[in-house]
1. K73 fails exactly one of the following numbered conditions: (1) over 25 Å from A158 (Cβ atoms); (2) outside any loop (DSSP other than H, G, I, E, B); (3) open to solvent by 60 Å² or more (accessible area, probe 1.4 Å); (4) not aliphatic (A, V, I, L, M). What is the number of that condition?
2. Looking only at segment 249-278, which residues are over 15 Å from F308 (Cβ atoms), touching a residue at least 24 places away in the same chain (Cβ under 8 Å) and not in a helix (DSSP H, G or I)?
3. List pairs: first in segment 162-176 and of a type in the set (D, E, K, R), second crowded, with 16+ Cβ neighbours inside 10 Å, Cβ under 6 Å, 6+ apart or cross-chain?
4. L11 versus (1) modelled with pLDDT under 90; (2) surrounded by 13 or more Cβ atoms within 10 Å (Cβ to Cβ); (3) not small (G, A, S): which is the lone unmet condition?
5. Go through (1) under 12 Å from the mean Cα position of the chain (by Cα); (2) buried (at least 22 other Cβ atoms within 10 Å of the Cβ) for L247 and report which single condition fails.
6. Does S211 meet the test of being closer than 20 Å to L260 by Cα and in contact with a Phe, Trp or Tyr (Cβ under 7 Å, 6 or more places away or on another chain)?
7. Those residues that are without any contact (Cβ under 8 Å) to a residue 24 or more places away in the chain and hydroxyl-bearing (S, T, Y), I need them from segment 36-56; list them, please.
Amino acid sequence: MAPSAILALCLLALASATAAKNPELVPQIDAIMPEICTLSQGQGNKQVASLVAQTIEHLRVVPDDAVVGILDKIRAGQYCADHAKLESLFLDAVAFVGEPGAFKVMAQELAMGRTAGGRFGLYTVAVNLLTQPTLDHVAALTPIFGMTDSNQLLSLAASTVVNRYCTQNADCEQAAPVQEILNVLSAKLDTQCTPDFSNVETTQVLTTLKSVGNIGKTTTALFGSVMKCALTEGIETNVQVASTLSLKGVSCMEPVTNGLKSVVLDSTKNTEVRIGSYLAAIHCVNEGDLLEVIDQMASETNKQVQGFILSHLENLKETNWQLPLKQNLREILGSKNIPKDYMRNILKYSRNVEMSVNSP
């Protein structure tokens with residue numbers, strides 16, 4: 001991607017708010033399109049660049065559906081019969097618009113597999129640089145989450161947009177577009193979390209799980225789908241563990257915490273899955289949960305699980321870090337007696353290292 005394109009996208013990311021919409025500009029765009037089409041048939045033309053820049057400015061303030069509509073009119077040949085060049089210019093231009101309508105076009109093209117190479121990279125950067133998304137932006141990106149052949153960087157960018165929206169808007173999971181995305185991810189995992197699929201298309205499953213973790217929100221249904229990945233026999237261990245860890249940063253929900261805790265305390269479950277479930281649940285547990293875990297770990301027969309959990313709790317109890325999570329757990333653990341007679345094998349207990357760096 002050219003440095004000028006990167007600069008333009010970075011400047012776009014600094015835009016503070018979505019512009020007010022003006023449907024009266026749509027006819028002006030309709031008038032510009034045939035002119036661009038005619039002038040773009042030859043070699044490079046400065047007038048074409050000027051007209052494209054003018055179109056981008058108009059696209060920022062027309063209604064979102066109008067942006068999709070203009071692309072439909074291009075492809076229908078309403079502006080000119082030989083529209084290949086015009087279509088290409090328009091599809092490049094939408095990456096610099098920044099409005100939900102433009103993201104709707106980009107997501108549509110990406111989901112349909114019609115974007116590759118430099119344009120794919122351009123769209124991915126545009127999504128990644130969306131720092132102040134609205135709910136309409138989130139809704140526009142929904143098709144990306146349903147892609148059967150997901151790209152890791154694109155999925156990371158799209159899920160980051162949802163996370164940013166949720167960081168800036170309390171109770172975002174109650175919004176219909178966010179719920180739809182979580183439902184799409186749940187349905188996707190229900191299909192992917194089988195040995196036949198997961199053990200062949202491992203990267204696809206891990207990409208979906210990373211999207212779940214990156215968004216940081218879940219639902220009862222999505223939690224069930226994630227745990228299907230974690231507990232289904234025959235799925236590779238790395239995918240099972242990744243499933244539990246995808247829940248590590250999600251907002252606390254009692255059914256999720258209780259579900260993870262039940263796996264931690266189930267001696268029939270895979271060792272690494274139990275440890276992963278513990279790490280995912282620990283930031284949401286209450287005093288009763290900790291007492292239950294400590295009580296069972298005191299007599300736990302799986303020494304690796306026992307050693308990891310008890311040493312991790314001991315480290316949390318002794319931490320000097322001022323992070324709210326660690327301080328909260330330290331206060332809860334302050335008066336609790338954590339057994340210390342577990343095997344101190346370096347491979348079987350938590351190496352929870354705290355450090356600080358003094359940077360001049």
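The values are calculated or read from the model by the stated rules, or taken from the named source; none is laboratory data. Just so it is clear, the structure is predicted and the values come from calculations on it, not from any experiment. All Cβ positions, even for glycine, are placed from backbone atoms using ideal geometry, and neighbour counts span all protein chains on display. Ligands, DNA and RNA are excluded from the accessible area calculation, which covers all protein heavy atoms including side chains. Shrake-Rupley method; radii C 1.70, N 1.55, O 1.52, S 1.80 Å.
1. Only one criterion in (1) over 25 Å from A158 (Cβ atoms); (2) outside any loop (DSSP other than H, G, I, E, B); (3) open to solvent by 60 Å² or more (accessible area, probe 1.4 Å); (4) not aliphatic (A, V, I, L, M) is unmet by K73, namely (3).
2. The answer is G249, V250, S251, C252, M253.
3. Sorted first by the residue in segment 162-176, then by its partner, the pairs are R164/P133; E173/K217.
4. (2)
5. Only one criterion is unmet by L247, namely (1).
6. It is true that S211 is closer than 20 Å to L260 by Cα and in contact with a Phe, Trp or Tyr (Cβ under 7 Å, 6 or more places away or on another chain).
7. Within segment 36-56, just S50 meets the criteria.
Residues are listed down the side, and each one gets a yes or a no for (1) open to solvent by less than 10 Å² (accessible area, probe 1.4 Å); (2) over 16 Å from T232 (Cα atoms); (3) not hydroxyl-bearing (S, T, Y):
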site: S243; (1), (2), (3): yes, no, no
site: V273; (1), (2), (3): yes, no, yes
site: G276; (1), (2), (3): yes, no, yes
site: L279; (1), (2), (3): no, yes, yes
site: V285; (1), (2), (3): no, yes, yes
